[in-house]
Structure formats: C-alpha cells, structure tokens
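Reading through the structure tokens given below for one structure.
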Amino acid sequence: MTTDPNEGANTLEMMINMGPQHPSTHGVFRMVLHLDGERVVRVEPHIGYLHRGSEKLSEGESYAQVITLFDRLDYVSNFNNELVFCMAAEKLMSIDVPERAQYIRVILCELNRIASHLLYYGTYGLDTGAITPILYSFRERERIQNLFEAVSGARMMHNFIRIGGLKQDVPEDFRERMDRLLPQLRQGIDECDRLLSHSEIFLARTRGIARISAEDAIRWGMTGPALRASGVLEDVRVTEPYQVYDRFDFDIPAGTMGDCWDRYYVPLEEMRQSLRIIQQAMEQMPDGPVMTTMRRIARPPKGEVYVQAENPRGAIGVYLVSDGSEKPYRVKVRPPSFCNLQALPYLMRDAYVADAVVILGSLDIILGEVDR
Amino acid sequence: MFGNLKGLLMTFKTTLRKPVTAQYPKERLPIEPRRMGFPMLMWDKNVGEPYCTACMVCIRECPTQCMSANMKDNPLQAEGKSARRKIVESFEINIGRCILCGICVDVCNFDAIEMSYETELSTFVRNGRRMDLRELLERGTGWQEQSGWKPKKERQPAKRGPEAEAKVEEPT
Ligand code: SF4
Ligand code: SF4
C-alpha cells in the first residue's frame, strides 16, 4: 500500500519578488509573481521606482525647458518625445513649421525609431538567453548615435527640436553621412534578423508564448508594435498623419498570432520601413529655413490641445493646457509603455515562471516613460 | 537546426571583420564639432576681459538652476578700453547638476557662454563639482583655440539656420 507523502499537507501559493533590481526589467520595475509550482497564478506589477514627477515639474518650467524633461521620458527615443511636445505647443500657438524642419524632424525621428528598436532587439535577445544579438544591435545603434552627435551635439538627450522648428540646421556633410549610414544600417538589420529570428532555440522560447488576440489587445489599450503584432493595422503615422508623414510610401508591418515572436518581429520589420521613409525624405527634402520667426519665449494663448504621435513603443499623447503664461498650466502624457504594461497580468496568466522574463521583455517597456 | 546554423554562419562571418570598438580611455572617438560638453565662459582677447556681463539671462533660463553669478561695474570701461558697462565678478556652475542641454548658450545675447567638448565628470571631490569663474574662463580660452571659435558678429552669416532666419527679440 502506497501513501502520498503530501497527503494532508497544506500547499500554498509561493510568492516571488522579481525586481526592482532584476536585469531583465529594463529599469526599475517590480513584479510580484504568485506561483503554483511552475505556473504563474497571478502577477502584481509595482511601478513608481523611477518616478521623477515630470508632469508636475513641467508646470514650473518654461516651454523651452519642458523639452529637456520630455527628452528624459522615453530615454531611448528622445527625438520622438521632443517632437510630440513641440507639436502640442505649435498646435496651441498655430505655428506652421517650415518644410525643411519637418523633413529633418521626420528623418531624425525615424532614425531614433531604428535606434530604439535596435536596443529592444538586443535586450530581447538577452532576455531569451542570447548574448550575441546585443553586440550586433549596438554596433548599428552606435552609428546612429554618432550621427545624432554630429547633428545635435549630444548622443542622447538632444534638446534639438524647438517649438517652431529646430535648434540648428543639419551639418553640411549630413547628406554624405546619410548616404554612408543607410546601406550600413540596411545590412546591419538584415544581419540582426539572420542572427536570431529563426534560431530554433529562440523560436521555442517565443513562438506561441503569451498570445493575445486583436480584440483583447485593443481592449487592453495596447498600441504600437505590441498591438500590430496581433494583426491590427493601427499606426498614428498613417491613420492621423502628422508632420509630413502623409507624403511617404511605407507599409505597416503586422503579426498574425500576437505571441512573443510576433511582438519581437514587428519592430524588426518596422526598422526596414523606417529606412524606406528616411530614403524618401532625403530625396524630397527641400532647402529653406528650419525655424519660424517667432518670439524667443513661447507664450501660447489660453487653451488646451491633445496631440498624439507614433513613438517606437506606441502612440504617445500629450494633453497640454495653457493659461496664457510662459509656463504650461498642465502637461499630461499618455505614455505608450505604461498602457502596454497594463496587459501584463493578462499575458502572464498561466505562463511558466521561466517565461515571465520573455513576456515582460516582449512588451518593450521603458520605465522612464512608465513612471514619468 | 537550420536556423541555428544560419545564425552561427553570421557570427563566423563577423569574426573576419575589423572590430568597431574603441578602447575607451586609450582611444577616443573623433570629436564632432557640435559636441556639447559642460558649459564654459568665453574670453574676449581684443579687450582682455570675459564676454559675460552677468546679465543673469542664462541663469534664469537654466532648467536645473545650476548657475549663479554676480555683477560689478567694469573697471576697463572707466578707462575707456571696453564697451561693457557691467562685467562678471563671480560665476559658478555646479557641473554635477548641469544636464548639458545647451539652453544657456541659446539664450545668451553676448556670446559669452559655449558648450565645451569636455564631458568627463568624475573627480575626487565628493560634494558636487563646482567650477568658478577662473576655471570656466581657463577652459573657455583653451576651447576657443581648439575649435577656432568666433563671436557671432565675426562669423560668416549662415546661409540657413536660426541665426539667419529668426528675428531675435529681447527676452522679456
Ligand atoms: S553667460 Fe551670457 S546670459 Fe549668462 S550671465 Fe553671462 S552674458 Fe548673461
Ligand atoms: S547646459 Fe543647461 S543645465 Fe547646463 S548650465 Fe546650461 S542651461 Fe544649465
């Protein structure tokens, strides 16, 4: 007669703290995982470790100074963040930005998108246990950072886009540099793709993990590559074009299954589309001024606007209220990573604890933006 | 199996390439002309005094409030050597707080402040890193020579760019 040694034993869920110093949380993010054996029963995300009060700080800074705060929201796609705030202020002040400035903005934003997706590609490789990809992606990213340094003077935190245009025109050798950079990037992205995407080990870790259907993704308020991975063709650049995006011909890559692999592959494909946009923008870019004539100190009239734009991580929205003074009355940011993160408990249900990192990584969160 | 091999082939090809890494403290990346390091003050060689008149505009506009300055009557103006009525007496930048945003350079009406190429922050001093007027000017003079800097008046009028296009109004 055999007896079950656990008979009568009272088993409880196990609680594991992951983070805030866990390397795969891409910043300081804490998850409390409730486990039943190897399965995740429940996950409680804890945010706020990187809270700097950017929204509140913005109320005490002049419009030009707020741009420096926006640089630090999503700190790997600085140009995109600067742009959305400047767009909000410009809309409030009804400023028309010179065409050349708009083209340069688009080029820089798309390059920044590539740089940001390359970072995601590399760190996602790390999350799934592959160390080599980050070396490849950073090699390519470094080329972009070098160009940014030549254009704006800083590798990150550029403070280059201004309300009404740009701080400066691009340097004289910009075109030659771009002609050199674009083929290198194209090749680099292909290499990155070949290195990881179809590796059996990587596929086994990501294919079919944490699937989310299109309806659910929309219901959870996801945007950006994470939403498009579920097959929803939604991109602010296309549905609500801003700047000069309506003049370019590019596709919106979308996934079919909405699993981790799709969420990984959509950004990779987006980089190629970004290259297409940059190529077209370089060809169409007109000459002319890069800054409108305006008062040096921006003082928008009383009113409120909501502006959205497509960041690498999804749709960023800025709600800006002005009381007519030189400081904004209220700045509210709708950060894409924060909204994508909401779906985490849903994605994690019944996952294995070993996949927790893979699922979190696939959402591509940046904590500077989640916590603000 | 095939996908793995494809990836391995990629890494194998890369082993034959030249490395792109720079061995940092020994090797440095080339300095871009626009590189923004810590701010420093410019020295007017023609007169022999700083450009800065301690007008406090940059201090008001700095997002981190990391600067402070004092003004005094310019002794050289009394002697008739300089057109500046007021001149900087003391100036301090807390480098530990500076976020290298370049706003101070943008707002200065006297070409007095520029961003250097210097970005290395570490020191043996624990309590912040402050640069006083003497140090700022020393760095500024060195940088002026290194980069061939000229005040805006003496520069070729830029074909495009905000200097040429934007009508600059006095900040209110
Ligand atoms: S650096 Fe320029 S803006 Fe700042 S106090 Fe001196 S003169 Fe004024
Ligand atoms: S660069 Fe920015 S933070 Fe630094 S002193 Fe100038 S205005 Fe202040």
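Some points to look at:
- Loss of accessible area when A meets B, both sides summed, Å² nearest 100, probe 1.4 Å: 3600
- By a 1.4 Å probe calculation restricted to protein chains, A:Thr132 has an accessible surface near 50 Å², given to the nearest 10.
- Take chain A with all the other protein chains still there, run a 1.4 Å probe, and you get 38 Å² of accessible area per residue.
- Packing rank of A:23-36, A:104-117, where each peptide gets the mean count of other beta carbons within 10 Å, highest leading: A:104-117, A:23-36
- Shape of the stretch A:206-360, Cα gyration tensor, a/c cut at 1.5: oblate
- Projected-area average for the stretch A:62-371 over all orientations - Cα convex hull basis, square nanometres: 14.8
- Chain B: relative contact order in percent, alpha carbon pairs under 8 Å with at least 6 residues between: 25
- FRET efficiency, 1/(1 + (r/R0)^6) with R0 25 Å, evaluated for B:Thr141 and B:Gln77 via beta carbons: 0.70
- Estimated [θ] at 222 nm from DSSP helical runs (n ≥ 4, -39500 (n - 2.57)) normalised by residues in the protein assembly as shown, nearest 500: -12000 deg cm²/dmol
- Computed over protein heavy atoms with a 1.4 Å probe, the carbon and sulfur contribution to the accessible area of the protein assembly as shown reaches 53%.
- Kirkwood Rh and Cα Rg combined as Rg/Rh, the protein assembly as shown: 1.02
- Only protein heavy atoms count here; under a 1.4 Å probe, A:Arg276 has an accessible surface of about 80 Å².
- Burial of 40 Å² or greater, the stretch A:140-156 residues [accessible area, probe 1.4 Å, versus chain by itself]: A:Glu149, A:Gly153
- Relative contact order, whole percent, for the stretch A:134-243 stands at 18, derived from Cα pairs under 8 Å and 6 or more residues apart.
- Measuring against 19 Å, Cα to Cα, the residue pairs A:Lys302/A:Lys332; A:Lys91/A:Lys302; A:Lys167/A:Lys332 contain A:Lys167/A:Lys332 as the ones spanning a longer distance.
- Across the stretch B:26-103, the mean sequence separation of Cα contacts (distance under 8 Å, 6 or more residues apart), normalised by length, yields a relative contact order of 32 percent.
- In straight-distance terms, cross-link reach from B:Lys153 covers every one of the lysines whose alpha-carbon lies under 16 Å from its own, apart from those fewer than eight places away in the same chain; here that gives B:Lys45, B:Lys167.
- Largest first, the residues A:Tyr120, A:Tyr352 sort by 1.4 Å accessible area into A:Tyr352, A:Tyr120.
The values are calculated or read from the model by the stated rules, or taken from the named source; none is laboratory data. Just so it is clear, the structure is predicted and the values come from calculations on it, not from any experiment. Cβ coordinates were reconstructed from backbone atoms using ideal geometry, including for glycine residues, and neighbour counts include every protein chain displayed. Side chains included, ligands, DNA and RNA excluded: accessible areas come from the protein's heavy atoms. Shrake-Rupley method; radii C 1.70, N 1.55, O 1.52, S 1.80 Å.
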